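Any read-out appearing in this document is the output of simple, stated calculations on the displayed coordinates, not a laboratory observation. These numbers come from a predicted model, not from an experiment. Methodologically, a virtual Cβ is constructed for each residue, glycine included, from the backbone with ideal geometry; neighbour enumeration extends over all protein chains shown.
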């Protein structure tokens, strides 16, 4: 007499487990639909943003050469706002822009960031508040390609088109590149590109350049020698 064996599916299909499985499938499909819809919308937004004029300069701190460069650009584009993320001491920046004889009204200093990731972490909400769509990001060759990839991921996720301006350096800038750092920053940038759609961190230490205190009590600062600011 032959025995019959029945092979049962390992996928729950009946009762409460089957309903839970179907619910998870629908949830996964819904999330995928939302993600791809957002991706298409963001891509279309970036295409339009790329054809718009530049409406902000974004400087990644690490070298006074970048700040000198953007101050020189401010003479040509006095109406474009400038955001400097954790750059040189405030007084040095004030002296740089004064020396270039440009208005300080359009310059803001974000001083919360302590890494390239945090440059974008704190900088994006400020750029959002300004309503920008096309920015020029200023950094140096030693900061690439990590800064470029992070900018394209994080700013691109918010529909902000990025052009890059690479400033020539003298000496060794503060940004040094290692592959471990690149992998870490790109990984968390991918996660933050999604999370930052909801979470908008605010830097509690951001001021306008016009508010920098240049009185005698605050003269104990030191600028990079290549800035040639006399201190």
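Structure above, values below:
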item: Neighbour-count order for 24, 46, fewest beta carbons within 10 angstrom listed first; result: 24, 46
item: Fewest-first sequence of 228, 181, 16 by Cβ atoms within 10 Å of each Cβ; result: 16, 228, 181
item: Helical mean residue ellipticity (222 nm; -39500 (n - 2.57) per DSSP H run of 4+; nearest 500) of the chain; result: -14500 deg cm²/dmol
item: In degrees, nearest ten, helix 179-195 long axis to first principal axis of the chain (Cα); result: 70 degrees
item: FRET E, pair residue 222, residue 101, Förster distance 22 Å, beta-carbon r, rounded to 0.05; result: 0.40
item: Modelled FRET efficiency - R0 30 Å, residue 33 with residue 118, Cβ distances, 0.05 increments; result: 0.35
item: Protection-proxy order for peptides 139-146, 208-215, 119-126, each taking the mean of Cβ atoms within 10 Å per residue, highest first; result: 119-126, 139-146, 208-215
item: Extended-chain gain in nm, criterion 0.36 nm per residue less alpha-carbon gap, residue 207 and residue 79; result: 44.2 nm
